[in-house]
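All remarks here apply to the structure that follows.
Just so you know, all these numbers are worked out from the coordinates, no wet-lab data involved. Just so you know, these numbers come straight off a predicted model, no measurement behind them. Neighbour counts run over all protein chains shown; Cβ positions are idealised from the backbone, glycine included.
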Amino acid sequence: MRSPLSLLLLTGLLSSAAALFPVLAREIEADSLNAQIVRESLEAVLSQPLEPLRSEDDQDSASETDAVSEPETAITTPAVQPLPPLPAPPSVVAVSTGEASWYGPGFYGNRTANGEVFRPGTLTAAHRTLPFGTKVRVTNLWNGRSAVVRINDRGPFHGRRVIDLAHGAASQLGLVASGIAQVKLEVLR
């Protein structure tokens, strides 16, 4: 048997729900009516022919010449020129690894082995055997940074080092503070 309080609450709940049904029915009907109005408005707008856009000057001149209509000309777009082909990336002739060092401030103004004046910030290097002018991509294996240097000097003549970088190249590779680093050399054609 149910308590009178629970029966009273249940009755009240059912009566309030019944009172809401007409309100909900009116809202559903209004929503469907609004949807129909929007649909009809869109159909009316879409059925009208499109007119070309005109500036104010075009509208003034168009009102003067409405009596004589000229055929519209097609809009021409300038021909797009294709970009020139990019130069092919340099090919790698030889790869080696070893220890690199760097040199700089004490040698600025001196001549390198090929006769150039050694200047600050250059991306040059000394190698024992590579011909002068050879381009070499040097990659610091400790941090992954790389730079392309040009061989213009001879060396290094210390231990088993394979390349001696000018200060500009060494700073780009991030080995100025450490003084030396393990590197990969890629001789480029």
Out of 110, 152, 140, I need the residue that is surrounded by fewer than 17 Cβ atoms within 10 Å (Cβ to Cβ) and either among the polar types (S, T, N, Q) or under 21 Å from residue 189 (Cβ atoms) (or both). Which one?
110
So which of 136, 95 is β-branched (Val, Ile, Thr), in contact with an Asp or Glu (Cβ under 6 Å, 6 or more places away or on another chain) and part of a strand (DSSP E or B)?
95
Do we have any residue at all in segment 150-166 that's of a type in the set (Asp, Glu) and under 15 Å from residue 101 (Cβ atoms)?
yes
